[in-house]
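*Asks:* Below is a structure I'd like to ask you about.
The values are calculated or read from the model by the stated rules, or taken from the named source; none is laboratory data. No experiment lies behind these values; they were computed from the predicted model shown. Neighbour counts are summed over all protein chains in view; Cβ atoms, including those assigned to glycine, are modelled from backbone coordinates with ideal geometry.
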Amino acid sequence: MALGKRPGGLTAMAVLNFVFGGIGAIFTLLAFGGLALIREGIKAAEASGEKYDGPSMTVAWVMVLMTGVAAFLLICSGVGYLKQKKVLGRSFGTLYALVSLSSTAIGIATAGAGLGAILFAIYPLLTLVLVNSSFKNDLTN
C-alpha cells in the first residue's frame, strides 16, 4: 500500500483508541478517589476491630497505575496509527494490549471472572491480532 494511504480499519482503530484512551484517563482520575475510599475502609475496620476483607491498597494501586498506563498507550498508539508509525503505532499498540490483558488477569485473580473481564479483554486481543497481522505492513515508517 502506498505511503499516506491509510486503510479505513487502521483509522477506525485510531478513533477507538482515542475514545477508549479518554475513557481510561477519566477512570484513572476517578480511581484515585476510590483509593481514598479503600484507605478509609481499612481505617474504619481497624478502628472497630473487624477484619477488612476488601481489596488491598497494593492491588488497588497496581490496578490504577495499569489503567493509567493503558490509557496513555492507547492515545499514543492512536497517534501512531494515524501517522502510520511502526514504533508509535505497532509497538505501543502491542504494549497496550499486553498491559491491558495483564490488568484483566490481575482483576480476574483478585475479584473473579465475570462479563466485565471478558469485555475488557476483547479490544486488547483484537488490537494484538490486527497490528501484528492485518496492519503490520501499513505501520512501517
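*Asks:* Residue check: is VAL19 β-branched (Val, Ile, Thr), out of contact with any helix residue (DSSP H, G or I) (no Cβ under 8 Å at 6 or more places or on another chain), modelled with pLDDT of 95 or more and farther than 14 Å from PHE135 by Cβ?
*Replies:* So VAL19 passes the test.
*Asks:* A further question on this structure: How many residues are closer than 16 Å to PHE20 by Cβ and among the hydroxyl-bearing types (Ser, Thr, Tyr) when one looks only at the stretch 105-138?
*Replies:* 2
*Asks:* Then there is this: Might you check whether a residue that is in contact with a helix residue (DSSP H, G or I) (Cβ under 7 Å, 6 or more places away or on another chain) and hydroxyl-bearing (Ser, Thr, Tyr) occurs anywhere in the stretch 39-53?
*Replies:* yes
*Asks:* I would also like to ask the following. Being assigned to a helix (DSSP H, G or I), over 18 Å from the mean Cα position of the chain (by Cα) and not hydrophobic (A, V, I, L, M, F, W, C) is the filter here, so list the residues in the stretch 43-86 that pass it.
*Replies:* LYS43, GLU46, SER48, THR58, LYS83, LYS86
*Asks:* Just the residues that are basic (Lys, Arg) and either assigned to a helix (DSSP H, G or I) or surrounded by 17 or more Cβ atoms within 10 Å (Cβ to Cβ) (or both), please, taken from the stretch 87-141.
*Replies:* Residue satisfying the conditions is ARG90 alone.
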